[in-house]
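The structure under discussion appears below in the form of structure tokens.
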Ligand SMILES: Cc1cc2nc3c(=O)[nH]c(=O)nc-3n(C[C@H](O)[C@H](O)[C@H](O)COP(=O)(O)OP(=O)(O)OC[C@H]3O[C@@H](n4cnc5c(N)ncnc54)[C@H](O)[C@@H]3O)c2cc1C
């Protein structure tokens with residue numbers, strides 16, 4: 001029993017690392033299992049809104065040390081990129097990060113906070129017992145804990161093993177397409193392109209240094225998304241939003257935008273489902289880093305209480321109420337039909353501000 005960690009965290013992405021940081025701060029013993037030895041690969045921009053930046057700081061993450069660059073204000077574009085409006089209220093800001101560096105910094109921070117981080121090894125078998133959970137790792141080792149946080153991403157293998165349904169198995173998972181561009185060096189910035197049709201298309205351009213990323217999210221079919229991407233890219237280039245050049249590699253990935261709201265439960269036997277695995281991504285903006293991290297923090301709080309409770313499982317069940325209280329509005333689509341509002345947005349500064357706040361703060365219109 002003494003070898004068992006208070007919390008095993010499966011997955012060292014934003015959700016798992018935030019959970020580990022919070023659990024360490026609460027005095028719990030933590031072990032993170034992350035299958036990647038190193039993030040490596042191509043650098044990629046990611047944006048974080050004010051809530052996420054504030055959460056990172058409250059977890060002790062220094063923006064300078066994690067390579068975060070602040071942006072101030074938002075630019076909203078029409079779908080044809082012929083018109084734009086700038087929104088520059090003091091609450092409209094955030095960070096742009098290099099995802100590789102950011103995720104690495106989170107993992108290191110969790111280790112420095114006291115978590116035992118096992119990197120480069122995957123969990124291959126999950127056993128949930130009455131009082132202990134066990135993970136069999138790819139190298140034959142077994143780790144044991146009193147609780148388990150499942151933060152192993154959209155297609156969470158472990159969720160299935162825990163009789164939970166990960167967001168990646170939802171009947172319809174929204175799709176995101178993105179491409180990266182080399183651009184002349186510029187300050188960090190976030191621009192939004194708003195589609196006016198019923199598919200609820202929304203695109204973002206995220207800039208930092210000499211890189212820009214164009215991403216496009218829809219709840220429609222991937223064919224529809226692909227059909228929209230090329231004209232959008234052409235319009236962005238014509239308007240000077242992105243540089244001319246050969247067509248870059250266009251990558252596709254599913255995004256569990258808003259799916260936390262559709263899952264039956266995030267609570268299994270001695271375990272909780274977090275981050276992308278639990279569908280914690282904002283439906284409107286496709287922001288996933290902050291909801292993932294917040295779900296991790298809330299889960300760590302619940303686990304700390306559960307470990308002191310006479311019946312831990314009863315306390316773990318409170319995770320559903322906790323995340324719905326703190327995150328459900330943030331994840332929900334704005335309570336309006338955006339297609340009706342779009343014609344107004346570009347003629348009305350108040351409407352622009354509302355769209356910006358819905359996007360960056362998860363506020364209702
Ligand atoms: C291309 C792209 C761009 C994005 N841009 C943004 C953005 O700009 N802003 C934003 O807020 N969100 C963005 N998102 C969404 C955001 O990245 C995710 O919502 C967020 O990373 C979710 O964090 P997570 O920790 O839940 O999952 P992940 O980041 O997927 O982390 C899961 C971790 O679990 C590990 N793992 C999986 N299986 C196992 C196993 N069996 N054993 C051990 N480890 C395992 C994986 O290696 C991984 O490190 C983007 C997503 C993508 C794909």
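Below are the figures for this structure:
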item: Measure of compaction for region 226-299 (Cα Rg per 2.2 N^0.38 Å); result: 1.55
item: Computed over the chain: relative contact order in percent, which uses C-alpha pairs under 8 Å that are six or more apart; result: 21
item: Shape call, region 1-136: gyration tensor on alpha carbons, a/c limit 1.5; result: prolate
item: Two-site FRET efficiency, residue 318 against residue 223, from Cβ-Cβ distance with R₀ of 41 Å, rounded to 0.05; result: 0.45
item: On Cα atoms only, tilt of 289-308 relative to the major axis of the chain in degrees; result: 20
item: Computed over region 88-246: relative contact order in percent, which uses C-alpha pairs under 8 Å that are six or more apart; result: 15
item: Pairs of Cα atoms farther than 17 Å apart, region 261-346, %; result: 51
item: Spin-label pair residue 186/residue 83, simplified geometry with 7 Å Cα→Cβ offset, distance in nm; result: 2.1
item: Computed log₁₀ I(q)/I(0) - Debye formula, equal Cα scatterers, no solvent, region 153-220, q 0.22 Å⁻¹; result: -0.89
item: For region 249-338: relative contact order, % (alpha-carbon pairs under 8 angstrom, 6 or more apart); result: 31
item: Per-pair calculated FRET efficiency, R0 = 41 Å: residue 328 and residue 38 via Cβ, rounded to 0.05; result: 0.70
item: Approximate spin-label separation residue 348-residue 108, in nm, with each point projected 7 Å along Cα-to-Cβ; result: 4.8
item: Gaussian network model of the chain, Cα within-10 Å springs - most flexible of 207, 270, 169; result: 169
item: Exposure proxy order (Cβ contacts within 10 Å, fewest to most) of 308, 208, 269; result: 308, 269, 208
item: Gain upon complete extension [residue 142, residue 339; 0.36 nm per residue less C-alpha separation]; result: 65.7 nm
item: In degrees, nearest ten, helix 99-112 long axis to first principal axis of the chain (Cα); result: 30
item: Cα-based helix-to-principal-axis angle, 349-361 vs the chain, degrees rounded to 10; result: 20
item: Alpha carbon centroid spacing (whole Å) that separates region 279-315 from region 217-243; result: 34
item: CD proxy at 222 nm, helix term only [per DSSP H run n ≥ 4: -39500 (n - 2.57); per residue of the chain; nearest 500]; result: -10000 deg cm²/dmol
item: At R0 = 25 Å, FRET efficiency that the Cβ-Cβ distance of residue 308 and residue 163 yields, to 0.05; result: 0.45
item: Likely footprinting exposure, 9, 205, fewest C-beta neighbours within 10 Å first; result: 205, 9
item: GNM flexibility winner over the chain from 309, 299, 179 (Cα, springs under 10 Å); result: 309
item: Spin-label model distance (nm) - residue 249 vs residue 124, 7 Å beyond Cα toward Cβ; result: 2.8
item: Sequence of 255, 186, 339, 131 once ranked by neighbouring C-beta atoms within 10 Å, starting from the fewest; result: 131, 186, 339, 255
item: Debye-sum result for the chain in log10 I(q)/I(0), which assumes one identical scatterer on each alpha carbon, at q = 0.14 Å⁻¹; result: -1.13
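Laboratory data are not the source of any read-out in this text; all were calculated from the coordinates shown. A quick note: this is a predicted structure, and the numbers were derived from the prediction, not measured. When we count neighbours, we look across all protein chains shown, and the Cβ atoms used for this are built from the backbone with ideal geometry, even at glycine.
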